[in-house]
Amino acid sequence: MLRYTLLRIFGAIPTLLLVIVLAFLMVHAAPGGPFDDERILPAATAANLEAAYHLDEPLHRQFLRYMSGLLRGDLGPSYYYRGQSVSERIGAAFPHSVRLGALAMALALLTGVTAGTVAALREGTAVDKIVMGVSMTGISIPVFVIAPILVLLFAVKLHWLPAGWSGETGVRRFILPVITLALPQIAYIARLTRASMIEVLGKDFIRTARAQGLGTATVVRVHALKPAMLPVLSYMGPAIAAILTGSVVVEEIFGIPGVGQQFVRSAINRDYTLVLGIVIFYATLIVSLNLVVDILYGVIDPRVRHR
Amino acid sequence: MIGNRTIRMAGGILLAVAAAALVGPWLSPHDYAATNFDRILASPSLGDMHLFGTDDLGRDLFVRTMLGIRVTLLVAIVASLVSLVIGVAYGAIAGFVGGRVDAVMMRLVDTLYALPFIFFVILLMVAFERNFLLIFVAIGAINWLDMARIVRGQTLSLREREFVEAARLTGVSTLRIVFRHIAPNLIGIVVVYVTLTIPQAILVESFLSFLGLGVQEPQTSLGALVNSGVGLMGRASWALLIPATLLALVLMCFNFLGDGLRDAFDARHES
């Protein structure tokens, strides 16, 4: 197990390095500098600015400087928010995103697994067809279409829930953003669970359990659920990435001051260091969460450790 | 054959939408960029040919929506072609050469898989000033990984088949084997997977345009229309609902078409 875990951790390092190098090069290959937008600066001022941000150094120097900062958790100063560092901006926004993402993931797992299991137990019936039809629709409709339609329905027309974030407190403000973010994942997880549950329910050990006189609920809970969850567990990596991507849209629509909204703002403001910092932050987050999922997979299914 | 009916339905709807997008703007008396401040946020009506109403600048939303569909489909098709070329070439080389080259090439694909590509596309958009051509290339550059894997797998198994061996024994050159004997057998699976990459490309394009990082005004796409619809939904729900429905419809049809084609083509998936 230790060997497996270490192998996984070392496997993730090249991916992270690749992300950092690619992202750094992309930003620095950009035609035009970060201060081009503003009024024409006197040559001396421009040179001072460049020197202050070390933009006058050769590229490899800048990269090494950036890397050594990165290792200390310092992502450099923001170009747009003068006097603030990228790490500060991300640190202030991150708690909002974590709460939103964790709630959405929990909702997606709970609802998706339940719906998928019910559909599998009633395979071929109307219930099954409805679950599958609804989930196919859920997969096809992107978050940025679901979000405004839910807002239009529940906030603008029915006035049941708040449309935005500011001025609201408590649980109510979470309801629409979390549901929006979870819906496509619920759909996907339901389909995955159904398919693997049907396969597991056809296995011999389930027949044996049934023959012993166990009820359906016990068979599913005690025997079928764990093996049927393996494909769902391996989908957690992509699901995390999808929820991060989705949170960019959801935070933008509902006005939640999280990392996603910060990302869009900094992209529009052309705040190069902040965009770069957030890309690296997101990539690190995705890679490390994938790592956790991989290691968990090894804990639950010993077969993969020995491959 | 339920699959067959799904394919026909989805394909038919897509053709109808594409035809409407091509012909629609011609039949309308309005221009996509012309503003009319006397007719701001007019609701959909047949009377003055504002079938889908107007937006907050008084521009005709029918013509704009049809143009948006054109842009969305064009971006998606071009991006898919880019990913097709990269993916097929990469996968076929890895699969045909095999051995250590294959292992290294596929290891690279695995590593790239773990990258959050959408964020890189946004980074590109920031760095290169939202160059429209770049959107095609960037989206295409995202989507080739799946294609490479599938083509590689298929090539790997084709390489061992008797007819390839026979060709090799009769002295056919490697290049000729790849183009005359292996490539034709890849067409089916490639077509299926292109229909599955198109909706992914549509998603990325509309995601970018929705965030205001894609197509720039007065040009438009379905994602950009949904975005401006969000701002108007309190006063003009049609400005949101029509492009949102069309976008969902197009995506759903491509997904059903791709799934149906895959089932029809690959019997193993049917179970």
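Can you work out which of the residues in the range A:261-296 that are out of contact with any helix residue (DSSP H, G or I) (no Cβ under 7 Å at 6 or more places or on another chain) and polar (S, T, N, Q) is farthest from A:Tyr79 (Cα to Cα)? In this case the residue turns out to be A:Ser288. One residue alone among A:Arg191, A:Arg207, A:Arg221 is more than 21 Å from A:Val131 (Cα to Cα) and assigned to a helix (DSSP H, G or I), and that residue is A:Arg207. Condition test on A:Gly260, is it buried (at least 23 other Cβ atoms within 10 Å of the Cβ) and touching a residue at least 60 places away in the same chain (Cβ under 8 Å)? The answer is yes for A:Gly260. Candidates A:Ser87, A:Ser140: the one that is surrounded by fewer than 20 Cβ atoms within 10 Å (Cβ to Cβ), of a type outside the set (A, V, I, L, M) and under 21 Å from the mean Cα position of the chain (by Cα) is A:Ser87. Among (1) touching a helix residue (DSSP H, G or I) at 6+ places or on another chain (Cβ under 6 Å); (2) at pLDDT below 85, where does A:Ala120 come up short? Only one criterion in (1) touching a helix residue (DSSP H, G or I) at 6+ places or on another chain (Cβ under 6 Å); (2) at pLDDT below 85 is unmet by A:Ala120, namely (2). Inside the range B:36-75, residues that are hydroxyl-bearing (Ser, Thr, Tyr) and surrounded by 20 or more Cβ atoms within 10 Å (Cβ to Cβ) make up a count of 3.
All of (1) under 23 Å from A:Gly124 (Cα atoms); (2) away from chain B (no Cβ under 14 Å) hold for A:Ala195 with one exception: (2).
Put simply, of A:Val219, A:Val287, A:Val232 the only residue that is at negative phi, surrounded by 17 or more Cβ atoms within 10 Å (Cβ to Cβ) and within 12 Å of chain B (Cβ to nearest Cβ) is A:Val287.
When A:Gly237 is tested against (1) within 11 Å of chain B (Cβ to nearest Cβ); (2) farther than 25 Å from A:Leu110 by Cβ; (3) crowded, with 20+ Cβ neighbours inside 10 Å, only condition (2) is not met.
Check B:Ile187, B:Ile198, B:Ile202 and return the single one that is closer than 30 Å to B:Gly99 by Cα and either among the aliphatic types (A, V, I, L, M) or touching a residue at least 40 places away in the same chain (Cβ under 8 Å) (or both). None of the other options fit; the residue is B:Ile187. Looking across the range B:87-134 at every residue that is assigned to a helix (DSSP H, G or I) and among the basic types (Lys, Arg), the one that is surrounded by the most Cβ atoms within 10 Å (Cβ to Cβ) is identified as B:Arg107. For the range B:227-267, the tally of residues that are more than 9 Å from chain A (Cβ to nearest Cβ) and not in a helix (DSSP H, G or I) stands at 3.
If you go through the range A:105-153 and pick out every residue that is within 11 Å of chain B (Cβ to nearest Cβ) and acidic (Asp, Glu), you end up with 0. A:Ser247: at pLDDT 85 or above and either of a type outside the set (Phe, Trp, Tyr) or in contact with an Asp or Glu (Cβ under 7 Å, 6 or more places away or on another chain) (or both), yes or no? Yes, satisfied. Taking the conditions exactly as written (in contact (Cβ under 8 Å) with a residue 24 or more places away in the chain and buried (at least 20 other Cβ atoms within 10 Å of the Cβ)), does B:Arg152 satisfy them or not? Yes; evaluated as a whole, the condition is true for this residue.
Residues are listed down the side, and each one gets a yes or a no for (1) more than 25 Å from the chain's Cα centre (by Cα); (2) at positive phi; (3) touching a residue at least 12 places away in the same chain (Cβ under 8 Å); (4) crowded, with 20+ Cβ neighbours inside 10 Å:
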{"residue": "A:Phe154", "(1), (2), (3), (4)": "yes, no, yes, no"}
{"residue": "A:Lys157", "(1), (2), (3), (4)": "yes, no, no, no"}
{"residue": "A:Ala163", "(1), (2), (3), (4)": "no, no, yes, yes"}
{"residue": "A:Ala187", "(1), (2), (3), (4)": "no, no, yes, yes"}
{"residue": "A:Thr193", "(1), (2), (3), (4)": "no, no, yes, yes"}
{"residue": "A:Phe205", "(1), (2), (3), (4)": "yes, no, yes, no"}
{"residue": "A:Gly213", "(1), (2), (3), (4)": "yes, yes, no, no"}
{"residue": "A:His223", "(1), (2), (3), (4)": "yes, no, yes, no"}
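Any residue in the range B:37-47 that is free of Cβ contacts under 8 Å to residues at least 12 places away in the same chain, more than 30 Å from B:Glu160 (Cα to Cα) and out of contact with any Gly (no Cβ under 8 Å at 6 or more places or on another chain)? Yes, the range B:37-47 contains at least one residue that is free of Cβ contacts under 8 Å to residues at least 12 places away in the same chain, more than 30 Å from B:Glu160 (Cα to Cα) and out of contact with any Gly (no Cβ under 8 Å at 6 or more places or on another chain).
The values are calculated or read from the model by the stated rules, or taken from the named source; none is laboratory data. Every value quoted in this text rests on a predicted model; they were computed, and no experiment measured them. Every residue, glycine as well, gets a Cβ built from its backbone with ideal geometry; the counts of neighbours run over all protein chains shown.
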